[in-house]
Amino acid sequence: MAGKDTIVSGMAGRYASALFDLAKEQGAVDAVSADLETLARLLDESEDLRRLTRSPVFSAEDQERAVAAVLAKAGLGATTTNFVRLVARNRRLFAIEPMIRGFRALAAADRGAMTAEVTVAEPLTDARRSALTAALRDVTGKTVEFDVKVDPKILGGLVVRLGSRMIDASLKTKLNSIKLAMKEVG
């Protein structure tokens with residue numbers, strides 16, 4: 001059963017759990033993980049693909065045909081392709097990104113690792129990625145894998161979500177705190 005210790009919830013979590021259970025049964029967790037990383041990268045790189053997955057204007061049939069063509073061109077495996085086609089058929093393609101994150105969390109937990117969501121103002125260098133990996137390992141005592149989101153709105157610093165904990169060391173939050181303190185004084 002997926003995620004005895006890892007909690008994935010909601011509709012996206014149920015889909016992620018189902019895919020993880022199927023991949024585990026088939027001995028294909030690593031292959032499906034790689035396919036989902038490819039899909040996540042495709043979604044990051046293509047505004048058209050994101051629009052296709054999120055827009056209610058497209059019919060389920062159109063979405064299914066389009067994603068099937070994209071996935072075939074990308075060379076994704078049968079398990080992942082069938083899963084994404086099912087998601088499209090069920091009109092749940094708008095939640096594919098949370099499904100991918102849920103699968104990552106379940107796969108990491110299965111390997112004895114944890115997952116964290118890290119938001120930064122600019123892409124991480126290899127040195128900063130290594131330092132962050134070491135810092136998270138020191139805090140948790142486990143290997144921590146993380147998904148990095150780049151959000152220039154935080155101005156600087158980073159925001160880390162690790163399970164139910166959130167550490168907000170962003171410049172935007174610090175500036176807002178100073179602004180609030182100034183209002184209280186004046």
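Given the options Lys149, Lys73, Lys24, state which has the largest fluctuation in a GNM of the chain using a 10 Å cut-off (strictly under) for Cα springs.
Result for the chain, Cα springs under 10 Å: Lys73 fluctuates most.
If I take every Cα pair under 8 Å that is 6 or more residues apart in segment 1-157, average their sequence separation and divide by the length, what percent do I get for the relative contact order?
Computed over segment 1-157, the figure is 25 percent.
Does a label point 7 Å from the Cα of Leu175, set along Cα-to-beta-carbon, have any residues of segment 124-164 with amide nitrogen under 17 Å, and which are they?
Those under the cut-off are 151-159.
Alpha carbon centre of segment 42-57 versus segment 72-88: separation in Å?
Rounded to whole Å, the Cα centres lie 16 Å apart.
How many nm is it between the label spots at Ala127 and Lys153, if each spot is 7 Å from the Cα in line with the beta carbon?
So the label points at Ala127 and Lys153 sit 3.1 nm apart.
Using helices alone, I'd like the mean residue ellipticity at 222 nm for the chain: each DSSP H run of four-plus residues gives -39500 (n - 2.57), total over residue count, nearest 500.
-20000 deg cm²/dmol
Show me, for segment 142-158, the HN-Hα J-couplings you get by feeding each phi into the Karplus relation (A = 6.51, B = -1.76, C = 1.60, θ = phi - 60°), rounded to Hz, glycine and proline as x.
10, 6, 10, 9, 9, 9, 9, 10, 9, 9, x, 5, 7, 6, x, x, 7
If you line up the Cα atoms of the chain on their principal axes, what length do they span on each, largest first, in Å?
Rounded to whole Å, the extents work out to 59, 40, 30 Å.
Of Thr133, Leu155, Ile178, which is farthest on the positive side of the dipole of the chain, counting Cα position, with +1 on Lys and Arg Cβ, -1 on Asp and Glu Cβ, and the Cα centre as origin?
The residue sitting most towards the positive pole is Ile178.
Just going by the charge dipole of the chain, with Lys and Arg at +1 and Asp and Glu at -1 on Cβ, which of Ser55, Val29, Leu42 is farthest out on the positive end?
Looking along the dipole axis, the top candidate is Ser55.
With +1 on the Cβ of every Lys and Arg and -1 on the Cβ of every Asp and Glu, and nothing else charged, how large is the dipole of the chain about its Cα centre, in debye rounded to the nearest 20?
The dipole of the chain has a size of about 480 debye.
Taken together, the values in this text are just the output of simple stated rules run on the coordinates, not laboratory data. From a predicted model like this one, the values you see are computed outputs, not experimental measurements. Please note: Cβ atoms are built from the backbone with ideal geometry, for glycine as well, and neighbour counts cover all protein chains shown.
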